[in-house]
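The values are calculated or read from the model by the stated rules, or taken from the named source; none is laboratory data. Bear in mind that the values here come from a model prediction, so they are computed numbers and not experimental data. Neighbour counts run over all protein chains shown; Cβ positions are idealised from the backbone, glycine included. Ligands, DNA and RNA are excluded from the accessible area calculation, which covers all protein heavy atoms including side chains. Shrake-Rupley method; radii C 1.70, N 1.55, O 1.52, S 1.80 Å.
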Amino acid sequence: MKISTKGRYGLTIMMELAAKFGEGPTSLKSIAEKNQLSEHYLEQLIAPLRNAGLVKSIRGAYGGYILSREPESITAGDIIRVLEGPISPVDFTEEDDPAKRDLWLRIRDSIAEVLDSTTLDNMIHYQEQSASDNYMFYI
């Protein structure tokens, strides 16, 4: 399974909205400019997210989009499924070999578990382990 630009840019939109949660609407233009993405493409991605109830649109001069729920309650899995469809590395329904079928099912379930356990809040507050956390040994 390869996540396309739809899924990747959709996550970008949602992370930007999560970062500004509670501050009012954010325009797609500002998200596009900040991340150097096509505003037109983001407009195509926001529609399914709105139809799925993940975002709300606010009209007007200072309009834009807001998350419909708290960032803690929206997972990466929610977003990827809306934009990419079901999570599956292969069409295992046609697999005759039980061992391979089990492998595909375990891969699918592992991917789903990671996506479903990662919230927007986790993503916007992610911190890489800094160099100061690593031990340095001198001889």
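Lysines within cross-link reach of Lys29: Cα-Cα under 25 Å, excluding same-chain residues under 8 positions apart?
Counting by Cα, and skipping residues close in sequence, Lys29 has these lysines nearby: Lys6, Lys20, Lys56.
I'd like to check one number: the per residue accessible area of the chain, probe 1.4 Å, reported in Å² as a whole number.
67
Quickly estimate the mean residue ellipticity at 222 nm for the chain, helices only: each DSSP H run with n ≥ 4 gives -39500 (n - 2.57), and the total goes over all residues, rounded to 500. If you can, show how the numbers build up before the last one.
Values: 6 runs with 69 residues, N = 139.
It comes out at -15000 deg cm²/dmol, rounded to the nearest 500.
Here are a few candidate values for Rg/Rh (Cα atoms, Kirkwood Rh): [x] 0.94; [y] 1.09; [z] 1.21. Which one was actually calculated from the structure I just gave you?
Correct label, based on the coordinates given: [y].
Once the other residues with Cβ under 13 Å from the Cβ of Gly77 are scored (Lys, Arg +1; Asp, Glu -1), what is the net sum?
Details: positive: Arg81, Arg108; negative: Asp78, Glu84, Asp109, Glu113, Asp116.
Residues near Gly77 contribute -3 overall.
Lys100: which lysines have alpha carbons under 28 Å from its alpha carbon, excluding same-chain residues fewer than 8 sequence positions away?
Within reach: Lys2.
With helices defined as uninterrupted DSSP H runs, which ones in the chain have an alpha carbon span along their own long axis of at least 24 Å and mean Kyte-Doolittle hydropathy of at least -0.5?
In the chain, the long hydrophobic H runs are 98-116.
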